[in-house]
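Any read-out appearing in this document is the output of simple, stated calculations on the displayed coordinates, not a laboratory observation. Everything numeric here is computed off the predicted structure, so don't read it as measured data. Virtual Cβ from ideal backbone geometry, glycine too; neighbours counted across all protein chains shown.
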Amino acid sequence: MVAGCELTAMTTTTDHPVQEASAASPPAPGRSPRLTDRRLAVLFISPAMLLLLTMSVFPLLWALYLSFTDYSATRDVPADFVGFQNYADVLTSPQVWQRALTTLVYVTGAVALQTVLGFGIAYLISRRTRGRGVLTTLFLVPMMLSPVVVGLFWKFMLDAQFGVINSMLGSLGFGQVEWLTRQRTALISLIVVDTWQWTPFIMLIALAGLTAVPKYLYEAASIDRASEWFRFRHITLPMVWPLLLIAVMFRAIEAFRLFDLVYILTSGGPGVSTETLSFHVYKVAFLGFNTGLASAYGILMVLVVIVLAQFYLRYLNKLKEG
Amino acid sequence: MRYLQRAGRRSLPGRQARLATAAILAATALAACGGGDDGGGGGAEAASGAKAPATIPDLTDDPLTLSFIWFEWPPAQALEDFANAEYTKERPNVTIEVNTVPNANWHDAMFTQFAAKQTDFDIPILDSQHIGEAVTNGNILDLTDFVDENIDVDAYDPYLLAAYGQYPQAETGQRDEDASLYGLPLLGDTWTMIYRKDLIGDEPPKTWDEMIDAAQKCQDENPGVSGLAFHQANGSDAAAVTYNTVNGIYGGNLWNAEDKTIEGVINDEAGQKAMDVLVNEMKPLTAKGSGNWFIDEVNAAVAQGKACIAFQWIAAAGGLVDPAQSTLGTTEDEILDKLGFATLPTQDADVVPLGGMGMHISAYAPADRQAEALNFMKWFEQEDIQKKWAAAGGVPARTDALESPEFLEAGPFNQVYADSVSRMRDMWNVPEYAQLIDIENTNVNAALNGAKDPEQALDDIAEQQQQVLDSDGGGL
């Protein structure tokens, strides 16, 4: 939903001239005089608006309301207003901060790895002239799979006893690794699986940026006998960087609300060492059915993402202006 | 640019749009606030604890589908096949559907629908520990009058009847005849010890300490075979049931039910001893990476000959004697030459975990399906049907069915169940069960996988569970 908000925010600035022009123009010949262009526009956008209001805006406002109450979806007692108590409980809970740290480590590790690998693959593909389309399509396959399916087959592959990964390691002379049942390896496994699935996203955006770099810049650099590293450092990277940063933002927002892979691969374990914030909210909401508290928890997560995204966007704008 | 943006804003149908938006939000709010009360049969009364009638109302002759909800495991398919084959002889217009969800989603799948006061199932199969939550929230019908009128309660071990239906919870081994009943037994279950007769001998270990010694010896003598295999996962109730079992065997208690005390009870000396045995004596005898094992993984280890001794729910052990699923033999007899099934060893106390589930009736099901559900329950709890259920692979609850050859000869582990009935102990069935089990699961799983010191894990369980009980399930 947050990503959706950002997308909406980013796409509301360009269409006004067209709207203005069409609003002023008379109806086309043959159309009912009451059906002006403006009414027609309202008619067309109303289904989308209706959907947005009922499926996104209303649940958000309702959750906001519930976050100030002690409402429970299962207990048959009326909700009492508790002010900011739920917010205070979430913000002062050591359990929440522990999950926040886990989420931070995960987001940082996964997004950094995906950015390096995604850009690297895109750079290599962009230098090929033959088979570029096939390679790009092949690399995109993991992104097209459901995270639950990805989680399930990686769970089998990472199984310490029967998994293919340990089998391969064994044939190379390494010992068995407990990928999903040890504190450090479990979080690393989550990062690796997420990277396997989402590196293509970064790759795709980086590839678009690389393809858009004007050829004449490289030609000019060649005439000046610029080295490969110089061309990369002073032409390629600066041209692709803003686009890459947008991809990083999208991935970071997605990774911040990671739930499905955790649910399938580790169930948050061992213990709670791979429980992310989203997984914890799920437990508060559906094991304890503390709906008011879970709503406050969710609202705080949305706020964190919005605030961080705003800072990030400001940095991007500065970069653009610079 | 600035002018154009302003002009663009003006072009939106301001007042009309705001009015329409407000109307939609108000309508949605009303729908959200008022939804559910007009849902099926007993919906409106459910909040105050709807009662099923003592006599079964008139049943419809129209085609009707009676829906169960359970989790995905072999008994679910067995129940659907059995009910469609047998119940339709009496009620040909009825089709039975047993819908399943993954075990980890079982509680959520039922209770999220209960929360919406609208269920797509008529008979939820609740774990015995879910009863408190469902009763307190008015999600299932009170069957007390119906049971009094239609069920021969003397045909059951009192604790079995109480465990799958009574609330407030019965004391271990007893039934309070004045308490209300909200369900009837569907499938009895407990743990069985599975041991390799060809590796440790025909006689199973009698005490828990002997069992650990036998597992250690077997592991030492058979490279590639682990001494033990048991449930350790942090999903469902896997790791928690394992700890609770060892806790009971070493004389510990989970809580003091009377004054709802956990702190100082579960983590007393016996409790600490049990945790120490589990983490420091049993865990080292398991396969590497088995810290997330549950039913399927333990079965796989046994079927592939990778474990000397394993602990498993009886209802999930059927596949172990299937040659198609085992590497231990090409016929059932060959497998049974190598595998033995025994009741759990004792140590300081003689208890085994109570498993299995009961049938209940959704308070939000339509009246005609609630009536059919009552009829199904009455039919299912008859002596001859219970024996047929036993022959079809089910574990009955009636004493006459438990002692019948149909049951005892249906599987090599059924005698284990019959011998274990008098030793069963359950967990808490309070409304806060889901939180209590999660706390215990995550902490025991952490201790088993080296993420937490065992003693600290047990103290954390006691402290966190006590907080949940003291706050009536509130808080994080």
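Before moving on, here are some points about what is shown:
- Given their separation in residues at 0.36 nm each and the Cα-Cα distance between them, A:Phe84 and A:Leu145 gain 17.9 nm when the chain is fully extended.
- Cα centroid of the range B:82-156 to Cα centroid of the range B:316-377, whole Å: 17
- On Cα atoms only, tilt of B:433-448 relative to the major axis of chain B in degrees: 40
- Reciprocal of mean inverse Cα separation for the range A:86-321 (Kirkwood radius, Å): 20.0
- Paramagnetic label reach from A:Ser222 (point 7 Å along Cα→Cβ; backbone nitrogen cut-off under 16 Å): within the range A:130-161, residues A:130.
- For residues of A:152-162, the mean tally of beta carbons on other chains within 10 Å: 3
- Computed lengthening from A:Leu51 to A:Leu138, 0.36 nm per intervening residue step minus Cα-Cα distance: 27.8 nm
- In summary, the helical segments of chain A meeting the span-like criteria, namely a full DSSP H run, a Cα extent along the axis of 30 angstrom or more and a mean Kyte-Doolittle hydropathy of at least 0.0, are A:94-126, A:183-212, A:291-321.
- Mean Cα-pair separation over length for chain B, i.e. relative contact order, pairs under 8 Å, 6 or more apart, %: 23
- Of the GluC sites (Glu not before Pro) in the range B:348-437, the ones in a loop by DSSP (not H, G, I, E or B) with at most 15 other beta carbons within 10 Å are B:Glu403, B:Glu409.
- Relative contact order of the range A:86-321, pairs being alpha-carbon contacts under 8 Å that are 6 or more residues apart, as %: 30
- Separation between Cα centres of the range A:212-263 and the range A:28-103, rounded to whole Å: 36
- Isotropic mean projected area of the C-alpha convex hull, the protein assembly as shown (nm²): 43.1
- Relative protection proxy for A:206-219, B:222-235, from highest mean packing down: B:222-235, A:206-219 (other beta-carbon atoms within 10 angstrom).
- Model label points for A:Leu245 and B:Leu408, set 7 angstrom from Cα along the Cα-to-Cβ axis, are 7.9 nm apart.
- Cross-link partners for A:Lys215 among the lysines, with Cα-Cα distance under 23 Å and sequence neighbours closer than 8 places in the same chain left out: A:Lys320.
- Inter-chain neighbour count for A:258-271: the average number of beta-carbon atoms from partner chains within 10 Å of each residue's beta-carbon is 5.
- Largest mean-square fluctuation among A:Gln114, A:Gln98, A:Gln176, in a Gaussian network model of chain A whose springs join Cα atoms under 10 Å apart, belongs to A:Gln176.
- DSSP-defined antiparallel bridges as percent of all bridges, chain B, nearest 5: 55
- Partner shielding of A:40-51 amounts to 2, given as the average count of beta-carbon atoms from other chains within 10 Å of each residue beta-carbon.
- In this structure, the pairs whose alpha-carbon distance is over 29 Å, taken from B:Lys197/B:Lys288; B:Lys260/B:Lys378; B:Lys197/B:Lys283; B:Lys206/B:Lys452; B:Lys338/B:Lys378; A:Lys283/B:Lys283, are B:Lys260/B:Lys378; B:Lys206/B:Lys452; B:Lys338/B:Lys378.
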